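Quick notes on the structure that follows.
The values are calculated or read from the model by the stated rules, or taken from the named source; none is laboratory data. Just so it is clear, the structure is predicted and the values come from calculations on it, not from any experiment. Ideal geometry is used to build each Cβ from the backbone, glycine not excepted, and the neighbour counts take in all protein chains shown. We work out accessible area using only protein heavy atoms, side chains counted, and drop any ligands, DNA or RNA first. Shrake-Rupley method; radii C 1.70, N 1.55, O 1.52, S 1.80 Å.
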Amino acid sequence: MPAWEQLRHEMVEHQLRGRGIRDEKVLQAMDSVPRHEFIPDIGRRRAYADEPQPIGAQQTISQPYMVAVMAESLALSGTDRVLEVGGGSGYAAAVMALLAHHVYAMEREPALVNLARDNLARAGFAERVTVIAGDGTLGCPQYSPFQTISVAAAAPEVPPPLLEQLHSEGGRMVMPVGSGHDQELRLIRKFADRVEQRTVTACRFVPLRGERAWPK
């Protein structure tokens, strides 16, 4: 059996701190969440490798570095209500749950909804994360506005419902924007009188599927 804790420490030191992640709270969260518990058995031995891993339904769990970049970019305060679009197996939601007040993770694939709920319960995050089945491109109006939104799949543009549900005084959203082959991770900040965007880094994500993104 691999020494999971040691592999996790090495991941944090080499893949995250060694590549410029500086937020100690993000590093601590990444060092605390058992990533291997969120990956199917067949790929579990590579849970802490510097790469995405398949989780079924043609979806992946993001590369650890990208999870850390997104969490650091959101500058979670501990009091934020977070909307995550593309909950996958629940891993990124678990990381953000240690940095925020509560995470609402939306997932459109029924098999992944159940997988995420099981994973989060087993890892002790059931009370910190609510997994919701549905089209994440439409957001989650019943719990809006959100101080932060994290989108773990790429769309040609920011879905308008997500921007509408972002808090109007400094709300922050991070998501990959672009084509299927050429994407950039953007940080979007919303204010009462304007919306600001900046590019964080180049990236490559699976496509965001839904009514306000790519079709099925």
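Below are the figures for this structure:
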{"quantity": "On Cα atoms only, tilt of 110-122 relative to the major axis of the chain in degrees", "calculated": "60"}
{"quantity": "Rounded to 5, percent antiparallel among DSSP beta bridges of the chain", "calculated": "50"}
{"quantity": "Structure-based [θ]222 nm, the chain - -39500 (n - 2.57) summed over DSSP H runs of at least 4, per residue, nearest 500", "calculated": "-6500 deg cm²/dmol"}
{"quantity": "Charge context of Ser89, other residues only, Cβ under 13 angstrom, K/R +1, D/E -1", "calculated": "-2"}
{"quantity": "Accessible surface ranking that places the most exposed of Leu76, Leu185 first, with a 1.4 angstrom probe", "calculated": "Leu76, Leu185"}
{"quantity": "Relative contact order of the range 6-161, pairs being alpha-carbon contacts under 8 Å that are 6 or more residues apart, as %", "calculated": "21"}
{"quantity": "The range 84-137: C-alpha gyration tensor shape, a/c 1.5 cut-off, then a/b vs b/c", "calculated": "oblate"}
{"quantity": "Carbon and sulfur %, accessible surface of the chain computed with the full protein complex present, 1.4 Å", "calculated": "48"}
{"quantity": "At most 14 other Cβ within 10 Å, DSSP loop - GluC sites (Glu not before Pro), the range 104-174", "calculated": "Glu127, Glu157, Glu169"}
{"quantity": "Heavy-atom SASA rank of Phe205, Phe146 (probe 1.4 Å, accessible area, largest first)", "calculated": "Phe205, Phe146"}
